[in-house]
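The values are calculated or read from the model by the stated rules, or taken from the named source; none is laboratory data. Everything quoted here is computed from the prediction, not taken from an experiment. For neighbour counting, all protein chains shown are included, and Cβ atoms are generated from backbone atoms with ideal geometry for every residue, glycine included.
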């Protein structure tokens, strides 16, 4: 068994699959992170991905261009995010419930549209849809192990990496990042500071729509080459769990989505040694829940230790300032969550 | 307790009250309008995609009543969504969002299948034992997201959706590896024992005794939520958890207990569906009745009394859509699309309170006008304010 696992972890093919299955999760997780930072939960990410995947396939089939397909897919995904915003922010609806509603709307709606166009409910294979190109990197592809892992990945895998940088920049460097965090932490204070929270939340919803749109297009125009009903397979929900593991940062999102990617890729291998596929399919979701619990446990423990040290005055001099700030943040976070 | 009961108006008086009390009438009207809007939108969609829209529309709207078979099928279709709708009423009274009842229902069906296939019990006892076991399993599963939320502040909807995948795959694993009928080409469990089947209510139809069990549960859950200490605690906790905690209500235990009851109902629903409708477990995928439960509970405004009405409405739409899609070119799935739209509308406070807001605004304007008129202003304002 150990030998088998060691074999998997050293195989370049395994890591190739890890990158491939992490990319879509990473993109949506970033979307979940940015909306959550502004204090709105986007549970409609699953629906956004479904519409993006379907629209991408249809438009690329009719125009013959994967790029137009992807653009249309992103627009469809953003539309779903905007509908969520309209109902949750303008019509005072419960955002989570709207997410549930939009996911129902999308699961049914995508199949309805697919059937009306092709006469098939399951798969879009009768549409001549296009594929977003895979990228072979000259020179790098000849490096023995690394070349096999990173060369030949889909363009969107690279886009996911770029998205991490962009979202990290938006959250930490730009003015808009400060506005997002202010809105998420204390909406009244944000208003007092002259920030329009509704505008900020709509901005994050659009950003998450774009990210989920790219991820959705990848699923039907790269990861596989067709739209199949329910193609998002809960990735939009996983993103909302991974977002907690990520701790609200873009860098954290990499690790959070890797948990899913590593298990998802491992599942293919475990199946080969005769473990029941049903149990293996359940694994990524189970591991996501576990990862989520472990992260909260660690965070809670660290907070309580820090608080105790602060109370007993046992903090070493050098760390007094950052620790006090951290403790304060922790307490505020706890208050917000409770 | 007694004098509260004494003040309760009789049935006729309460109907009259309902129609004169605008705060109660208006939400009902909005709900009705949402339902009508959804049906109109469905008809619109049919006219966009169908080659023979008139026949399709007729089949969709009248299909459930065109044949007796269809009508009985509608009654049968009410059963599972009544159970999940009731289960979600409890969750929504608590102001939680979890959809774990999907796992409870599915696992309940799996547990019932195991008992229906493996155990030899006398008729009558057999489905009863299966329901109890399925209920317990469903109840235990139901508590998971609540525990996660209370202990680790995990969003209950997110964790319940994860669990739904886990329990779905685990359930199909159990069927495949322990209960599968290897003579069948499709995925199916071995056939149930004869003693497992619930009796039919009407011969040569699908209508089974589960319909009565569901009706009994409507009454039981209504009593549970509105006439018992537990139900009171659940509603108070949902309305204002801080107040409930100050009042000495053990908020965490109440939430977990409510989830257990909700999951219990879901589990029983799964078992009833198995023993009432099937001769073996033949679900190729999860029917996800919990998602239908969302709309049933919302149309009923979280009140178990109205669950049969909203379950009837949803079953009517589904049976109509099923009948239409079998005889035409419109996909059955458009019903799920409409469900999403109805939930969106019902979830919006601004839409729900539209009439009330308009009334208040008018009264305020009238009061202002009266003030501007001067003289009798004060008494006029007081009178109008009181009525609003």
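Table for the structure above
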| item | result |
| --- | --- |
| Any hit, segment B:328-350, residues being touching a helix residue (DSSP H, G or I) at 6+ places or on another chain (Cβ under 9 Å), over 19 Å from residue B:266 (Cα atoms) and more than 14 Å from chain A (Cβ to nearest Cβ) | no |
| Single residue of segment B:144-181 satisfying the filter (surrounded by fewer than 22 Cβ atoms within 10 Å (Cβ to Cβ), farther than 14 Å from residue B:281 by Cβ and more than 7 Å from chain A (Cβ to nearest Cβ)) that is modelled with the lowest pLDDT | B:151 |
| Qualifying residues in segment A:272-290 (those that are under 21 Å from residue B:178 (Cβ atoms) and at the interface with another protein chain (Cβ under 8 Å from one of its Cβ atoms)) - the one surrounded by the most Cβ atoms within 10 Å (Cβ to Cβ) | A:282 |
| Selection status of residue B:63, away from every other protein chain (no Cβ under 14 Å) and assigned to a helix (DSSP H, G or I) | yes |
| Out of A:62, A:87, sole residue that is part of a helix (DSSP H, G or I) and touching a strand residue (DSSP E or B) at 6+ places or on another chain (Cβ under 7 Å) | A:87 |
| Residue match in segment A:115-125 (condition: over 16 Å from residue B:338 (Cβ atoms) and in contact with a strand residue (DSSP E or B) (Cβ under 7 Å, 6 or more places away or on another chain)) | yes |
| Evaluation of residue A:116 against (1) within 30 Å of residue B:157 (Cα to Cα); (2) facing another protein chain (nearest Cβ under 9 Å); (3) surrounded by 14 or more Cβ atoms within 10 Å (Cβ to Cβ) (one fails), failing number | (1) |
| Candidates A:147, A:108, A:73, filtered to the one that is in a helix (DSSP H, G or I), surrounded by fewer than 17 Cβ atoms within 10 Å (Cβ to Cβ) and in the same structural domain as residue A:234 (by TED's automatic domain parsing) | A:147 |
| Qualifying residue in segment B:61-83 (condition: surrounded by 22 or more Cβ atoms within 10 Å (Cβ to Cβ) and more than 22 Å from the chain's Cα centre (by Cα)) | yes |
| Residue match in segment A:134-142 (condition: assigned by TED's automatic domain parsing to the domain that holds residue A:73 and touching a strand residue (DSSP E or B) at 6+ places or on another chain (Cβ under 8 Å)) | yes |
| So residue A:36, is it surrounded by fewer than 24 Cβ atoms within 10 Å (Cβ to Cβ) and either in a helix (DSSP H, G or I) or under 18 Å from the mean Cα position of the chain (by Cα) (or both) | yes |
| Residue within segment B:207-216 that is in contact with a strand residue (DSSP E or B) (Cβ under 8 Å, 6 or more places away or on another chain) and assigned to a loop (DSSP other than H, G, I, E, B) present | yes |
| Options A:152, A:73, A:69: the member that is touching a strand residue (DSSP E or B) at 6+ places or on another chain (Cβ under 6 Å) and away from chain B (no Cβ under 14 Å) | A:152 |
| Selected residue [outside any helix (DSSP H, G or I) and touching a residue at least 40 places away in the same chain (Cβ under 8 Å)] from A:103, A:42 | A:42 |
| Complete set of residues in segment B:40-55 that are assigned to a helix (DSSP H, G or I) and touching a helix residue (DSSP H, G or I) at 6+ places or on another chain (Cβ under 7 Å) | B:41, B:42, B:43, B:45, B:46, B:47, B:49, B:53 |
| Residue check for residue A:90: at the interface with another protein chain (Cβ under 7 Å from one of its Cβ atoms) and surrounded by fewer than 17 Cβ atoms within 10 Å (Cβ to Cβ) | no |
| Some residue of segment B:299-311 being surrounded by fewer than 22 Cβ atoms within 10 Å (Cβ to Cβ), within 14 Å of chain A (Cβ to nearest Cβ) and under 11 Å from the mean Cα position of the chain (by Cα) | yes |
